[in-house]
1. Filtering the stretch A:84-98 down to residues that are at the interface with chain B (Cβ under 10 Å from one of its Cβ atoms) and touching a Ser or Thr at 6+ places or on another chain (Cβ under 7 Å), which residue is surrounded by the fewest Cβ atoms within 10 Å (Cβ to Cβ)?
2. Any idea how many residues of the stretch B:1-38 are part of a loop (DSSP other than H, G, I, E, B), more than 9 Å from every other protein chain (Cβ to nearest Cβ) and over 20 Å from B:V57 (Cβ atoms)?
3. How many residues are surrounded by 17 or more Cβ atoms within 10 Å (Cβ to Cβ) and assigned to a strand (DSSP E or B) when one looks only at the stretch B:154-167?
4. Only one of A:G243, A:G234, A:G214, A:G260 is in contact with a helix residue (DSSP H, G or I) (Cβ under 7 Å, 6 or more places away or on another chain) and closer than 27 Å to A:L38 by Cα. Can you tell me which?
5. Out of curiosity, is B:A262 out of contact with any Lys or Arg (no Cβ under 8 Å at 6 or more places or on another chain), in contact (Cβ under 8 Å) with a residue 24 or more places away in the chain, surrounded by fewer than 15 Cβ atoms within 10 Å (Cβ to Cβ) and not polar (S, T, N, Q)?
6. Given the residues A:P105, A:P101, A:P118, which is the only one that is more than 7 Å from chain B (Cβ to nearest Cβ) and free of Cβ contacts under 8 Å to residues at least 24 places away in the same chain?
7. Is it the case that some residue within the stretch A:230-250 is in a helix (DSSP H, G or I), without any contact (Cβ under 8 Å) to a residue 60 or more places away in the chain, in contact with a strand residue (DSSP E or B) (Cβ under 8 Å, 6 or more places away or on another chain) and outside the structural domain of A:S40 (by TED's automatic domain parsing)?
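The values are calculated or read from the model by the stated rules, or taken from the named source; none is laboratory data. From a predicted model like this one, the values you see are computed outputs, not experimental measurements. Positions of Cβ are backbone-derived with ideal geometry, glycine not excepted, and every protein chain shown enters the neighbour counts.
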2 protein chains.
Amino acid sequence: MFRLFWADEGGLPGDDRGLAYGDGLFETIRMADQKGVLLSRHLERMVRDAGRLDIGVSRGDLANVCIEAAQRFAGQFNGGGWILKLTLTRGSGGRGYRPSPGMEPNLLVSASPLPPMPDVDGEVIDFSKVPLTVNPFLAGIKSLNRIEQVLAATELGASLFEVIMADREGNLVEGTRTNILLRKTDGWVTPPASSLAVAGVLRQWLLERLRQRGEKVTERPVAVDDVLGPDCHGLFLLNSVLGIVPVRTIAGHDLPVDSGLATIFNPLETLE
Amino acid sequence: MFRLFWADEGGLPGDDRGLAYGDGLFETIRMADQKGVLLSRHLERMVRDAGRLDIGVSRGDLANVCIEAAQRFAGQFNGGGWILKLTLTRGSGGRGYRPSPGMEPNLLVSASPLPPMPDVDGEVIDFSKVPLTVNPFLAGIKSLNRIEQVLAATELGASLFEVIMADREGNLVEGTRTNILLRKTDGWVTPPASSLAVAGVLRQWLLERLRQRGEKVTERPVAVDDVLGPDCHGLFLLNSVLGIVPVRTIAGHDLPVDSGLATIFNPLETLE
């Protein structure tokens, strides 16, 4: 189990390891009144990745908190959309970096308004100056160690929706808050999960849907030329709160915009 | 300036970015009653590295908090040694990862007992299974993104004082909480600051002292063979709380132990 904290009543204790070391992980869930978009996948990811960090939490306990949170917060947003955030940390204590055995995790639950929604006609993005480093022990985990994304996000502005971060070899990996998916002449392409800082739940959901329809989906490193070359028929940003976002322009280079993908597959209707 | 929080009165607000993203940095200062070991260097590092993260804080304000903290906490430790911890975050707010301009930082101040002191006859250590990844934008910064060190620290135990983490090329970079210094036949060797996750204040202090005495100090990548080969005359772990720690055995391989370094240069006497 965990110690439960409601953010509208205060924060976590001063010795929480989430603050001290980023020793924890989080989920940001788009809610429609009391239902969550891809809620099961969010909970599955949190339980699985907490396990990789040896933080014990059960899906049932998390699901119960989500029900309680929905009842507590949904009314504040007049029955409309809002964001439910779960921050799970290893808890308090340990000797420096070294955790103690059997620590009780802390769970902080908060609600906030929806962010501005993206332009369905496509957004303008760029390449980030900040490289992305991914430790193989942490690949894909939405941990609280996100300072690289914070630095890259300082490049964003009113006219720049997202920046794409590359690894040391120059391969494009992901945006600050989005995974990337390309439509190429020979099918869909996205970087492999093992290379990702955060393996998004929308990414996984969409790859499964595409494959179910018999579409060819390849997980492989993505070079800049994959995006700028003539066989790129569209670039999409994936985020479970923002949905499937087509890119109109990257680094001043116009891309074909296909709004059809978001119409065929609307994750925002997958409410649970 | 910053909002000041005393850990004995509570933690940071629930929307603090230090918890959310590890968006901040910290210093752990060894105190002797009301004086701090290498205190100036700790404060200089925090101000400099906060500046690299665009978190504005003045040295004078931090120094005043340290004086206030010493008066507040020292008595609890009967005039002996204790640990003063400063956790500085970017504050509350922003849009997701993206900070707002002009945010007010939060500073959390806490006190804790000294950890067990190392064996002056040398400690037993090993190589870590967890690789270290260092983003060049963050090299050396003691940020709150320390989950790699937490994972590596789970390898520690009663009979294992430290583990040394290597980069992707297999070069030894640093321990979970220590920098490394080798005594080789042709002088002292330590990995360059640009390769470090955390550039320790004791490391910098000691390198300056060695150079002042005319000793040869080379900052270059350190291979495993540098440590295990016959021209290694000693390996030292550096930590401003623990001091200069000679290594007796690494991965079952015995090393020459030279306790003289810690005798000649005793950082724990550098009180301010």
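1. A:R98
2. 2
3. 5
4. Testing whether each residue is in contact with a helix residue (DSSP H, G or I) (Cβ under 7 Å, 6 or more places away or on another chain) and closer than 27 Å to A:L38 by Cα leaves just A:G243.
5. no
6. Of A:P105, A:P101, A:P118, the one residue that is more than 7 Å from chain B (Cβ to nearest Cβ) and free of Cβ contacts under 8 Å to residues at least 24 places away in the same chain is A:P101.
7. There is no residue in the stretch A:230-250 that is in a helix (DSSP H, G or I), without any contact (Cβ under 8 Å) to a residue 60 or more places away in the chain, in contact with a strand residue (DSSP E or B) (Cβ under 8 Å, 6 or more places away or on another chain) and outside the structural domain of A:S40 (by TED's automatic domain parsing).
Quick grid of which residues meet (1) surrounded by fewer than 16 Cβ atoms within 10 Å (Cβ to Cβ); (2) closer than 21 Å to B:T249 by Cα:
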| position | (1), (2) |
| --- | --- |
| B:I125 | no, yes |
| B:L132 | no, no |
| B:A152 | no, yes |
| B:G170 | yes, yes |
